[in-house]
């Protein structure tokens, strides 16, 4: 295409992490890497890719260097630990979603504002199943590309490209005011997860939740993320939970 696009400042794009979760086809990872390179995004992360040889995908035309340095993780929590905003993507077909859902254009505006001050993770699930409920529980909210109801899902590489285009287009229309001087930065996903685990430990010890129910952990994780805590508030809440745990006689190396 011959026309030029206004793009986000390089510093803003450096804050974006595209995370591919349990991708089955290495060609889709290559196509996604090519899309990142097209739009100037350099941080690609993969979680449990189905095929280890994905780094050699021929579909990464012009993006082999970006693909070679893709960061690989075993768990979503590790892949988003440094991010203050985690956004999942979904086709929303026959899904009982527990998070708020935004259409691409509205969600894109929120992401662009956040990118000015802190890292953001944009998650894409496997081609066959999308993001699981457990994977979605790490997200603050979810994003949907508006497609026709009769054919709602998109190829993974195409979905990545469409989302990134939305984030780089029309920058002058999406400029946001800078954060007020002295305002605390948002809590990272790792900080929020530490708080989640500390709270879960206390709730299990008090028998408020059943320790064998995984759904309780997912529900709690979503609840804590809806609070949109800043770093200072997350630290205070974590201190509270540790004190309660100490009073209950609960010991945990991660909370110590």
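Residues checked against (1) over 19 Å from residue 139 (Cα atoms); (2) in contact with a strand residue (DSSP E or B) (Cβ under 8 Å, 6 or more places away or on another chain); (3) assigned by TED's automatic domain parsing to the domain that holds residue 125; (4) at pLDDT below 90:
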site	(1), (2), (3), (4)
2	yes, no, no, yes
27	yes, no, yes, yes
32	yes, yes, yes, no
37	yes, no, yes, no
41	yes, yes, yes, no
55	yes, no, yes, yes
76	no, yes, yes, no
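Condition (residue is without any contact (Cβ under 8 Å) to a residue 12 or more places away in the chain and either surrounded by fewer than 22 Cβ atoms within 10 Å (Cβ to Cβ) or under 19 Å from the mean Cα position of the chain (by Cα) (or both)) applied to segment 33-47: is it met by at least one residue? No, every residue in segment 33-47 fails to be without any contact (Cβ under 8 Å) to a residue 12 or more places away in the chain and either surrounded by fewer than 22 Cβ atoms within 10 Å (Cβ to Cβ) or under 19 Å from the mean Cα position of the chain (by Cα) (or both). Scanning segment 98-135 for residues that are more than 26 Å from residue 25 (Cα to Cα), touching a strand residue (DSSP E or B) at 6+ places or on another chain (Cβ under 9 Å) and assigned to a loop (DSSP other than H, G, I, E, B) gives 99, 100, 117, 118, 119. Among the residues in segment 100-118, are any more than 24 Å from residue 233 (Cβ to Cβ) and at pLDDT below 90? For segment 100-118, residues more than 24 Å from residue 233 (Cβ to Cβ) and at pLDDT below 90: absent. Of the residues making up segment 57-74, just one is exposed (fewer than 15 other Cβ atoms within 10 Å of the Cβ) and either within 23 Å of residue 114 (Cβ to Cβ) or in the same structural domain as residue 231 (by TED's automatic domain parsing) (or both), namely 71.
The values are calculated or read from the model by the stated rules, or taken from the named source; none is laboratory data. All values derive from a computational prediction rather than experimental measurement. Backbone-built Cβ (ideal geometry, glycine too); neighbour counts: all protein chains shown.
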